[in-house]
Amino acid sequence: MAKKLKIKYVFLNLKILLLLAGFSLHAQTVVVSGKVTDSLLQPLGYANILAIPDADNQEVRFAISEENGQYKLGLSKNQAYTLTVSYLGYTPNKIALNTTEQDLHKDFILKESPNQLDEITLNYTPPVSVKKDTITYKVDAFTTGEERKLREVLKKLPGVEVDKAGNVTVQGKKVTKVLVENKTFFTGNSKLAVNNIPADAVDKVEVLDNYNEVAMLKNLEDSEDMAMNIKLKEDKKEFAFGDVEVGTGIKERYLLHPNLFYYSPNTNVNLIGDLNNQGVKSFTFKDFLDFEGGFGKLLTDATGYFSLYNSDFAQYLNNQDYTANTNQFGALNIQQALSPKTNLHSYVIGSKSKTDTRSETLNEYLNNTDPFVEQRTVSNKLNNFFTIGKLTLDYDPSFEEDLAYNSFIKLTNNDSYGFINTNNPSLNNTIATTTDIKGLQLKQNLSYSRKLSKAHTATLEANYTFQNDQPFTEWLTNQQILQELIPLETDTVYNILQTKKSNSHNASAIAKDYWVLNNFNHLYTSVGVNSAFSNFYTQDAQHLSNGTVNNFNNAGFGNDFDYHFIDTFIGLEYKFQIGKAIFKPMLYTHFYYWTTAQYHMRATHQKTLTLPQFTSKVEFSNSEKLNFRYRLNSRFPTVNRLASNYVLGNFNSVYKGNPTLENQLYHTLSLSYYKFSLFKQLNLNFNSSFNKKLEHFKTTTILDGIDQYSTYIMFDQPEHNWNVSGKISKKIKRIRYSFSSRYSYNDFYQILNSNTNLNISKNTSATLSAETFYKAFPNIEIGYTKDFNTYRSSGIQNNFENNRFFFNVEYDFLKDFIFKADYAYENYKNKTSNSHNTFDIANASLFYQKEDSPWGFEIEATNIFDIGFKQQNSFSNFLISDSKTFIMPRIVMFKLIYKL
């Protein structure tokens, strides 16, 4: 109770300080407002207004006019400024301005420059310039020189936000690709860029909306991508730079982190390394998604995305909580201009990690006939190794022709050793587990685009992917498991081995013609084919102490399943514009043909489907857009869901595929709206999505104690999913206030022990936060999140609540010191069972570097309170789990940084 009161007290005082700071700043400023027009009194939108103070202790202020020419500028009272208004193609207007205690109104009329070559050259570059889909920031206008990485630079640019994971949003829209000097930085992943590019190398930041790698396809292909292009300073365009970080800590902690960069007009080399045992993960599942084409691209291929998400490699990467972790990571990226028209881009990434995990879970099984509770403890030692390489050759002989070839390879070798202890009414057992997963993936891509005439542009794209995964699993126990499901023979120790082999060849090709009828009407036609040839092999057996093997094949186990699938399609799209709105109805007809075969049993199927799509986009302005999408989707099962014999899923589960499964059919709709106003410092986002399943795969489960047998059927009862989210943020003086909220609704059927029940889950969440942006005072971010969760299953309703308070501070003081700290507190309640738990964690660091010195020093502490575990709850079709996940202990590190 005392702890909760203390937190509330701190939270209240911080809120008061924020409000007082806002009022204090407001009291010291005056507003200069007016309108910028040309000589005909026509408004000039996106004109730059720059106020340079005469006094050294005052800040440079700037503003950009709205589309109607209006502007608003906050200046300090009783100060002298030189005010300059500039606009491309017009002679700048410069005046002297002395502020008083009162707000001022000042209009500007700019005269068109008679000759651009004779235009007055200013001794400054406008802080921000906007031209159609491109925003350019002059970095020096916003930075102090104390920034270390690109992350700190971006956070000071108006309209730009960077979260802790390294995701960048501009005007409320996420940046999907990062370029350096117009060339892709590694994979384009923003995390690598914002955490590794030195701040003092950046001259300008360009934000390119509706980005397309092939310039001639812009405005033909729909693109919601946003790219960020980093322009380097002149003395960094042919220079080696970067930094090297080394550290040591209590209890033999260590860190080595070099970030080295070489840039020249024709050659770019980037080297990033990381060796640590702090638990800092060098490569995450999000990074993996970026290498596979990014989340947005994968969503267009739902089958590929879910297959990727459920892959063994992804399961390793998704693990974020551990008691011990050692990482070895290296990445080398080389870009070489072979000629003015040909570029070579290649990279290789390698990672090796060792991880220890431990969790304790209380599982409540919601079986109507006999509900019970299981206590389960799981510990694992994981070894993860992977190597990824990519080669890209791009040939651009002219604007009207583009040829690109990509080759990608990924090698993985992951193993784990662990123990599972389960204690339930029918069993008290400990199972030793061993897994070994080897994988190879090879991808080839060839794309060609050509402008055939003024009206016609054609593209051709071909892909080939080969994947071979070989997971091996062993369960070792002194008691029988899955007694009713697997044919174990009596032995002193039960040794169960599983061998899996999965390989697939996927090839696709699509040709598309873009026909521009006129500026407001386009007609697109396409023809293509997708093919997949997969094999799924499984072998489950018991190895007895006497050396013999008890093969489970006679009990219906063992698969050698072949799945061949061909999808030939034709498509027609009509794109037209009415005013500010663009509409595009689409119709695709698919001719599906597939065969399944297992042990000389073969079946052939075919089906024809016509799938409509529709998109619309209303662009009110560059900073206000509305998008709507609709699609009828068809998704076919993966080979493991078709394999007709039993497969061991875990020590307590067996599943079996269904070769008669056909395709899922479901509607998806999405609506998004965003608005950004630099004039009002306002950012507004709204997103909504709705899915309705018409025909889909459904898991049916037989539950006996903790043992589960599952299979799949085609299910025609509709299921729904609806998500709504929104965020509004406004910067008032030096404080940005934000409020975000989301709501999700899911209804789905559960088939358990032959009983079919409709389950409903609802989630509501809201976050209120404030963040300051001072130069001479500490900058803090403070926020509060409230979550409500409701889950109804088999007539039983469970209610959960979560309260989260977070606080971050960053303070640059005495010119050479930077202090950072973050704190989070969570209070979770299960209102149905009247239980609750709390979790709080804090981290802090102090960095020191003399202004002109290449050497920096840092002391860093993570998990300051030395919290041993964090607790969380989850629920599924028939299970409510209360889990303790153990985490890394307190770590104190001393670091030495050398900047090249």
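So for the range 811-900, considering every pair of alpha-carbon atoms, how many percent are separated by more than 16 Å?
Here the tail beyond 16 Å accounts for 67 percent of pairs.
Using +1 at the C-beta of Lys and Arg and -1 at the C-beta of Asp and Glu, which of ASN759, ASN834, ALA603 has the Cα lying farthest in the positive direction of the dipole of the chain?
ASN834
Which value results when the Cα radius of gyration for the range 583-696 is divided by 2.2 N^0.38 Å?
Details: Rg = 21.6 Å, N = 114, 2.2 N^0.38 = 13.3 Å.
Dividing the Cα radius of gyration by 2.2 N^0.38 Å gives 1.63.
Taking the DSSP beta bridges in the range 153-278 as the whole, what percent of them are antiparallel, to the nearest 5?
Values: 32 of 37 bridges.
Just about 85 percent of them are antiparallel.
Determine the dipole magnitude for the range 791-884: charges of +1 sit on the beta-carbon of Lys and Arg, -1 on that of Asp and Glu, nothing else is charged, the reference point is the Cα centre, and the result goes in debye to the nearest 20. Can you show the working numbers first?
Working: 9 positive and 13 negative charges, 152 e Å.
Taking the Cα centre of the range 791-884 as origin, the dipole is about 740 debye.
What part of the accessible area of the range 706-769, given as a whole %, is carbon or sulfur when the probe is 1.4 angstrom? The partial results should precede the final answer.
Numbers: 1700 of 3100 Å².
Carbon and sulfur: 55 percent of the exposed surface of the range 706-769.
Taking loop as defined by DSSP and a crowding limit of 13 other beta carbons within 10 Å, which trypsin sites (Lys or Arg not before Pro) in the range 538-635 fit?
Values: sites: LYS575, LYS580, ARG602, LYS607, LYS617, LYS625, ARG629, ARG631, ARG635; in loops: LYS580.
Sparse-neighbourhood loop trypsin sites (Lys or Arg not before Pro): LYS580.
Which whole-Hz couplings ³J(HN,Hα) result when phi for each residue of the range 631-641 is put into the Karplus expression 6.51 cos²θ - 1.76 cosθ + 1.60, θ = phi - 60°, listed in order with x for Gly and Pro?
Whole-Hz 3J(HN,Hα) from phi for the range 631-641: 7, 9, 10, 10, 10, 8, x, 7, 4, 5, 7.
So which of LYS155/LYS895; LYS111/LYS173; LYS218/LYS786; LYS183/LYS281 end up more than 32 Å apart, counting from Cα to Cα? Intermediate values should be presented prior to the final figure.
Values: LYS155/LYS895 24 Å; LYS111/LYS173 35 Å; LYS218/LYS786 42 Å; LYS183/LYS281 26 Å.
Check vs 32 Å cut-off fails for LYS111/LYS173; LYS218/LYS786.
Hey, what number do you get for the chain at 222 nm if only DSSP H runs of n ≥ 4 count, each worth -39500 (n - 2.57), divided across all residues, to the nearest 500?
On the way: 8 runs with 69 residues, N = 900.
Mean residue ellipticity, 222 nm, calculated: -2000 deg cm²/dmol.
Sort 449-458, 731-740 by packing, meaning the average of other beta carbons within 10 Å per residue, with the highest value first.
On the way: 449-458: 14.7, 731-740: 16.8.
Those peptides, ordered most packed to least, come out 731-740, 449-458.
With +1 on each Lys and Arg Cβ and -1 on each Asp and Glu Cβ, and nothing else charged, work out how big the dipole of the chain is about its Cα centre, in Debye to the nearest 20.
Numbers: 92 positive and 91 negative charges, 353 e Å.
Computed about the Cα centre, the dipole is about 1700 debye.
For HIS456 paired with LYS730, estimate the spin-label separation in nm (one decimal), with each label point 7 Å from Cα along the Cα-to-Cβ line.
5.5
Using the C-alpha atoms of the range 668-825, what convex hull volume per residue, in cubic angstrom, is computed? It would help to have the intermediate numbers written out before the result.
On the way: hull volume 26.5 nm³, N = 158.
Looking at the range 668-825, the number lands at 168 Å³ per residue.
Please express the Cα-Cα pair-distance distribution P(r) of the range 369-491 as a list of whole percents, one per 10 Å bin, running from 0 to the bin with the greatest distance.
Per 10 Å bin, starting at zero, the Cα-Cα P(r) for the range 369-491 comes out as 10, 23, 19, 15, 13, 11, 8, 2 percent.
Wrap a convex hull around the Cα atoms of the chain, take a quarter of its surface area, and give that in square nanometres. Please report the intermediate quantities before stating the final value.
Numbers: hull surface 162.6 nm².
For the Cα atoms of the chain, the hull's average projected area reads 40.7 nm².
Using packing as a proxy for protection, rank 529-541, 505-517 so that the peptide with the highest average count of other Cβ atoms within 10 Å comes first. Intermediate results must be reported in sequence, preceding the final value.
On the way: 529-541: 18.6, 505-517: 16.5.
Sorting 529-541, 505-517 by mean packing, highest first, produces 529-541, 505-517.
Taking only protein heavy atoms and a 1.4 Å probe, what accessible area per residue, in Å², does the chain have with all protein chains in place? Display every interim value, and only then the final one.
Working: 43380 Å² over 900 residues.
Using a 1.4 Å probe on heavy atoms only, each residue of the chain averages 48 Å².
May I ask you to compute the full-extension gain from LEU391 to ASN691, defined as 0.36 nm times their residue separation minus their alpha-carbon distance, rounded to one decimal in nm?
Numbers: separation 300, 0.36 × 300 = 108.00 nm, distance 3.78 nm.
Taking 0.36 nm per residue and subtracting the Cα distance, the gain is 104.2 nm.
About its Cα centre, how strong a charge dipole does the range 635-703 have in debye, to the nearest 20, once Lys and Arg get +1 and Asp and Glu get -1 at the Cβ?
Numbers: 8 positive and 2 negative charges, 45 e Å.
Roughly 220 debye, rounded to the nearest 20.
So, by mean Cβ neighbours within 10 angstrom, what's the order for 220-228, 129-137 with the highest one leading? Don't skip to the end; give the middle numbers.
Details: 220-228: 19.2, 129-137: 17.6.
Final packing ranking: 220-228, 129-137.
Leaving out ligands, DNA and RNA, what percent of the accessible area of the range 800-900 is carbon and sulfur, probe 1.4 Å? Working shown, then result.
Details: 2890 of 5100 Å².
C and S atoms contribute 57 percent here.
Could you quote the convex hull projected area for the range 668-717, Cα atoms only and averaged over all directions, in nm²?
Working: hull surface 26.1 nm².
Averaged projected area of the range 668-717's Cα convex hull equals 6.5 nm².
Cα-Cα over 22 Å: which of LYS693/LYS829; LYS131/LYS237; LYS138/LYS237; LYS106/LYS680; LYS231/LYS617; LYS204/LYS850? Don't skip to the end; give the middle numbers.
Values: LYS693/LYS829 32 Å; LYS131/LYS237 25 Å; LYS138/LYS237 17 Å; LYS106/LYS680 18 Å; LYS231/LYS617 31 Å; LYS204/LYS850 25 Å.
The answer is LYS693/LYS829; LYS131/LYS237; LYS231/LYS617; LYS204/LYS850.
So how tilted is helix 2-27 from the main axis of the chain? Cα-based, degrees 0 to 90, rounded to 10.
It works out to around 30 degrees.
With unit charges on the beta carbon (Lys/Arg positive, Asp/Glu negative), name the residue among PHE875, ALA824, TYR811 whose Cα is farthest towards the positive pole of the charge dipole of the range 798-900.
Farthest along the dipole direction, towards plus: PHE875.
The values are calculated or read from the model by the stated rules, or taken from the named source; none is laboratory data. Everything numeric here is computed off the predicted structure, so don't read it as measured data. FYI the Cβ positions are ideal-geometry reconstructions off the backbone, even for glycines, and counts take in every protein chain you see. Remember, those area values only see protein heavy atoms, side chains included, never the ligands or the DNA or RNA. Shrake-Rupley method; radii C 1.70, N 1.55, O 1.52, S 1.80 Å.
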